[in-house]
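Presented below is the structure to which this report refers.
The values are calculated or read from the model by the stated rules, or taken from the named source; none is laboratory data. Just so we're clear, the structure is a prediction, and the values are computed from it rather than from any experiment. Here the Cβ is made from the backbone with ideal geometry for all residues, glycine too, and neighbour counts use every protein chain on show. Only protein heavy atoms, including side chains, enter the accessible area calculation; ligands, DNA and RNA are left aside. Shrake-Rupley method; radii C 1.70, N 1.55, O 1.52, S 1.80 Å.
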Amino acid sequence: AQRVTQPEKLLSVFKGAPVELKCNYSYSGSPELFWYVQYSRQRLQLLLRHISRESIKGFTADLNKGETSFHLKKPFAQEEDSAMYYCALIYNTDKLIFGTGTRLQVFP
Amino acid sequence: EAGVVQSPRYKIIEKKQPVAFWCNPISGHNTLYWYLQNLGQGPELLIRYENEEAVDDSQLPKDRFSAERLKGVDSTLKIQPAELGDSAVYLCASSLGNYNEQFFGPGTRLTVL
């Protein structure tokens, strides 16, 4: 069965520190993965998708099929990065499965 | 552009009462989704519409939940009767379909007492 696992509920770092939010998936087909973000009092929004291979707000994520992972990384965290981050997998053309989310807290 | 619009934003009801949520998707988006988000969890798909057709309702508890999307634009999700365990955030999203980005509404927070 398809599954997305985010092992950390909370990740706390200081401003300027590197950040890595972990995401592992289970899917027998060719995966397409996303990171969604929800800032305080804002709606859930797409941060990046692996197929785009782009960096958004300094974040990158590389799909590792061998390790079935899609970890989100940023070399230097900013206070405005504090938010809830959800990893998601799409299958059957348009069915999106979310992980349980990781809350990132960046302290000044 | 207002994005996906949902109402109400908050709803408090007593158990066994009916409740309805409304969603207006982004103009031109033929695909509409309803998600359920429990506290501490990610969103879970309840139903997906392609225009006015429900193409995936496998996760919708049909004994008490129903949804409609008349004319392929606005959609309504109903619960009748509500149970304590239905307390959650109900999210609506829309997209152009087929791997395109899903745009989410602000959600309706339901509390069942």
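Please verify whether B:Gly42 is touching a Cys at 6+ places or on another chain (Cβ under 9 Å) and at the interface with another protein chain (Cβ under 10 Å from one of its Cβ atoms), treating the condition exactly as stated.
Criteria met by B:Gly42.
Give the residue, chosen from A:Thr60, A:Thr68, A:Thr100, that is within 10 Å of another protein chain (Cβ to nearest Cβ) and either touching a Cys at 6+ places or on another chain (Cβ under 8 Å) or of a type in the set (S, T, N, Q) (or both).
A:Thr100 is the lone residue from the list that is within 10 Å of another protein chain (Cβ to nearest Cβ) and either touching a Cys at 6+ places or on another chain (Cβ under 8 Å) or of a type in the set (S, T, N, Q) (or both).
Taking strands (runs of 3 or more DSSP E) that fall entirely within the stretch B:1-70, which contain at least 2 residues that are open to solvent by less than 60 Å² (accessible area, probe 1.4 Å) and free of Cβ contacts under 8 Å to residues at least 60 places away in the same chain?
Answer list for the stretch B:1-70: B:19-24, B:31-37, B:44-50, B:53-56, B:65-68.
Considering (1) touching a residue at least 60 places away in the same chain (Cβ under 8 Å); (2) within 12 Å of the chain's Cα centre (by Cα); (3) not in a loop (DSSP other than H, G, I, E, B), say which one B:Thr111 fails and leave the rest.
(2)
Say whether the condition of being among the small types (Gly, Ala, Ser) and within 12 Å of another protein chain (Cβ to nearest Cβ) is met by at least one residue in the stretch A:35-55.
Yes; the residues of the stretch A:35-55 include at least one that is among the small types (Gly, Ala, Ser) and within 12 Å of another protein chain (Cβ to nearest Cβ).
Taking the stretch A:18-35, which residues are under 15 Å from A:Lys95 (Cβ atoms) and touching a Phe, Trp or Tyr at 6+ places or on another chain (Cβ under 8 Å)?
Result: A:Tyr25, A:Tyr27, A:Gly29, A:Pro31, A:Glu32, A:Leu33.
Regarding the stretch B:78-94, can at least one residue be identified that is outside any strand (DSSP E or B), within 28 Å of A:Val4 (Cβ to Cβ), within 11 Å of chain A (Cβ to nearest Cβ) and not hydroxyl-bearing (Ser, Thr, Tyr)?
Checked the stretch B:78-94: no residue is outside any strand (DSSP E or B), within 28 Å of A:Val4 (Cβ to Cβ), within 11 Å of chain A (Cβ to nearest Cβ) and not hydroxyl-bearing (Ser, Thr, Tyr).
Name the single residue, out of those in the stretch B:97-112 being at the interface with chain A (Cβ under 10 Å from one of its Cβ atoms) and of a type in the set (A, V, I, L, M, F, W, C), that is farthest from B:Pro61 (Cα to Cα).
The extreme case among them is B:Phe103.
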